[in-house]
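Student: This is the structure I want to talk about, given as structure tokens.
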Amino acid sequence: MNKTISTLIPLLLLPGLGLSQVSGERSKHEPFETPVALYLTWQQDPTTTMTIHRVSEGAEDESWVDYRPWNEEEAAGRSWESVTGSSEPMARFSNLPVHTVELTGLEPATTYQFRVPEGPGTFKFRTLPADADEPIRFAAGGDTMHRQIWMERVNRVAMEYEPEFIVWGGDLAYADGRENRRGLHRWFDWFDAIKNTMITEEGRVIPIVVTMGNHEMRGGYYFHHDDFEQTDDWRREVAPYFYTLFSMPGQPGYNVLDFGDYLSLVVLDSDHTNPVEGEQTEWLEEILDERQEVPHVFPVYHVPGYPGVRDFDGDVSTGIRKHWVPLFEQYGVRVAFENHDHAYKRTVPIRDGEAADDGIVYIGDGSWGTSARSVHDADETWYLERSESVRHFILATIHGDDASFKMIDEFGEKIDEYELPADD
Ligand SMILES: [Fe+2]
């Protein structure tokens, strides 16, 4: 192991709240220490699959996960299934392996128990329901960790609402793609925040869906790089952690995640490792076209098209309004999640560049765990319904064709709410 890294390891083995609380029978495999990181996401339908990511200390060839359906009475009687995945080094600077194991063929709305090589504890996850006949809650936001303490505070409040998953629209650890001690350390703090706050007392790990932000890469934006190429290798080179740590979106950095036929999250890259214009916009049109019958299609991306803090005429915001917004409008998007500006904002419904009753509402602006900036005055800004300088998250609830949003600050106070008008 890299010497510099091994000096960091003792810091990582302080038990996280969740990890110290879970228990269960010992794995048949030899246990290692507590994983450096344990977090879940999806590469395919969250109603029947789960992807388990783990960063371990040296267990290079131990990429397995054991799992079984779980309920109070039966668990002890069920045998474990074992699935082996793959691993790759976290970055050139760190040879810590990032393990990825995807479980498929699961039952919807079912709790599973799982264990990883760092035994003896067990964990749980829950698949999403097959439909939205009952309300489904998730939390959304972005810009998660200026400071770990702020991220953990908002995580804890969000967890009180028992979200099925959390969506983070970029600027996660603020490591800027730096393959050095400082960059790595920011990810370690971010992993710790998840371990400390996003594993319930019962050992249930809450999955995340993330997007690329400017602080996931060196230079922030593709146009700051003279050697830009729209290739997997180039993206991996400038954003080494993002492309090893998260199989969603994975390459090429944008993707769509379909929850049965009731919800699609459209995960986009706002000029970071992919230009807004061109290949990504062509792909966006295709996937929005295919999902016109899906009741809830939410784009999520980092830089806002309708900024609560920054300049409306900024290049990236202008590009988003020019290339993506017309497609959102054409294909029936009703709400989009924006980030990056480190404040709270909700726009008026917007269509064709002006306020319109049947328009799209943009909610953001990415202040989960950042110091919040001062905002444009909503009374003097045509596109803003609300704006506030506050750390917060968005609690989204979808139920049949209905969707509602409660915005909640770091102290658990509701700061705003929005309900989609019934679709005629
Ligand atoms: Fe940002």
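The values are calculated or read from the model by the stated rules, or taken from the named source; none is laboratory data. All values derive from a computational prediction rather than experimental measurement. Positions of Cβ are backbone-derived with ideal geometry, glycine not excepted, and every protein chain shown enters the neighbour counts. Heavy atoms of the whole protein, side chains included, go into the accessibility calculation; ligands, DNA and RNA do not. Shrake-Rupley method; radii C 1.70, N 1.55, O 1.52, S 1.80 Å.
Student: Would you check which residues across the range 353-389 are assigned to a loop (DSSP other than H, G, I, E, B), more than 16 Å from the ligand (Cβ to nearest atom) and open to solvent by less than 20 Å² (accessible area, probe 1.4 Å) and list them?
Tutor: Once the filter is applied, which keeps residues that are assigned to a loop (DSSP other than H, G, I, E, B), more than 16 Å from the ligand (Cβ to nearest atom) and open to solvent by less than 20 Å² (accessible area, probe 1.4 Å), the range 353-389 yields 359, 383.
Student: Would you mind finding the one in 156, 147, 137, 92 that is in contact (Cβ under 8 Å) with a residue 40 or more places away in the chain, within 16 Å of the ligand (Cβ to nearest atom) and open to solvent by 10 Å² or more (accessible area, probe 1.4 Å)?
Tutor: Numbers: 156 fails: within 16 Å of the ligand (Cβ to nearest atom); 137 fails: within 16 Å of the ligand (Cβ to nearest atom); 92 fails: within 16 Å of the ligand (Cβ to nearest atom).
It is 147.
Student: Related question: If you go through the range 149-168 one residue at a time, do you hit one that is assigned to a loop (DSSP other than H, G, I, E, B) and among the small types (Gly, Ala, Ser)?
Tutor: Step one: of the range 149-168, the residues assigned to a loop (DSSP other than H, G, I, E, B) are 161-165.
Of the ones still in play, those that are also among the small types (Gly, Ala, Ser) are none.
Checking the range 149-168: not a single residue is assigned to a loop (DSSP other than H, G, I, E, B) and among the small types (Gly, Ala, Ser).
Student: In addition: Among the residues that make up the range 225-248, is at least one of them under 21 Å from residue 339 (Cβ atoms), within 14 Å of the ligand (Cβ to nearest atom) and open to solvent by 50 Å² or more (accessible area, probe 1.4 Å)?
Tutor: no
Student: Still on this structure, I have one more. Quick check: anything in the range 302-321 within 16 Å of the ligand (Cβ to nearest atom), part of a strand (DSSP E or B) and on the phi < 0 side of the Ramachandran plot? Break it down stepwise before answering.
Tutor: So in the range 302-321, the residues within 16 Å of the ligand (Cβ to nearest atom) come out as 302-311, 314-317, 319-320.
Within this subset, residues satisfying the condition of being part of a strand (DSSP E or B) are none.
Checking the range 302-321: not a single residue is within 16 Å of the ligand (Cβ to nearest atom), part of a strand (DSSP E or B) and on the phi < 0 side of the Ramachandran plot.
Student: Just to be sure I understand, how many residues within the range 159-191 are closer than 21 Å to residue 52 by Cα and away from the ligand (no atom under 16 Å from the Cβ)?
Tutor: Qualifying residue count, the range 159-191: 11.
Student: Restricting attention to the range 170-208, and to residues there that are hydroxyl-bearing (Ser, Thr, Tyr) and at negative phi, which single residue is most open to solvent (accessible area, probe 1.4 Å)? Explain how you work it out, then say what you get.
Tutor: In the first step, residues of the range 170-208 are kept if they are hydroxyl-bearing (Ser, Thr, Tyr); the result is 174, 197, 200.
Then keep just the ones that are at negative phi; that gives 197, 200.
On the way: 197: 11, 200: 31 Å².
Among them, the one singled out is 200.
Student: Pairs, please: C-beta under 9 Å, at least 6 apart or cross-chain, first residue more than 17 Å from residue 380 (Cβ to Cβ) and in the range 338-350, second open to solvent by 10 Å² or more (accessible area, probe 1.4 Å) and within 12 Å of the ligand (Cβ to nearest atom)?
Tutor: That search, which allows pairs on different chains as well, returns 340/214; 340/309; 340/310; 340/316; 342/146; 342/309; 342/373.
Student: Still on this model: Identify all residues within the range 275-314 that are touching a residue at least 60 places away in the same chain (Cβ under 8 Å) and not hydrophobic (A, V, I, L, M, F, W, C); write none if there are none.
Tutor: Matches in the range 275-314: 295, 296, 301, 302, 304, 306, 307, 308.
Student: I would also like to ask the following. For the range 73-145, which strands (runs of 3 or more DSSP E) that fit wholly inside it have 3 or more residues that are of a type in the set (A, V, I, L, M, F, W, C) and out of contact with any strand residue (DSSP E or B) (no Cβ under 9 Å at 6 or more places or on another chain)? Can you show your working first?
Tutor: Details: elements: 81-84, 86-89, 97-103, 111-115, 123-126, 136-141.
Fully inside the range 73-145 and qualifying: nothing.
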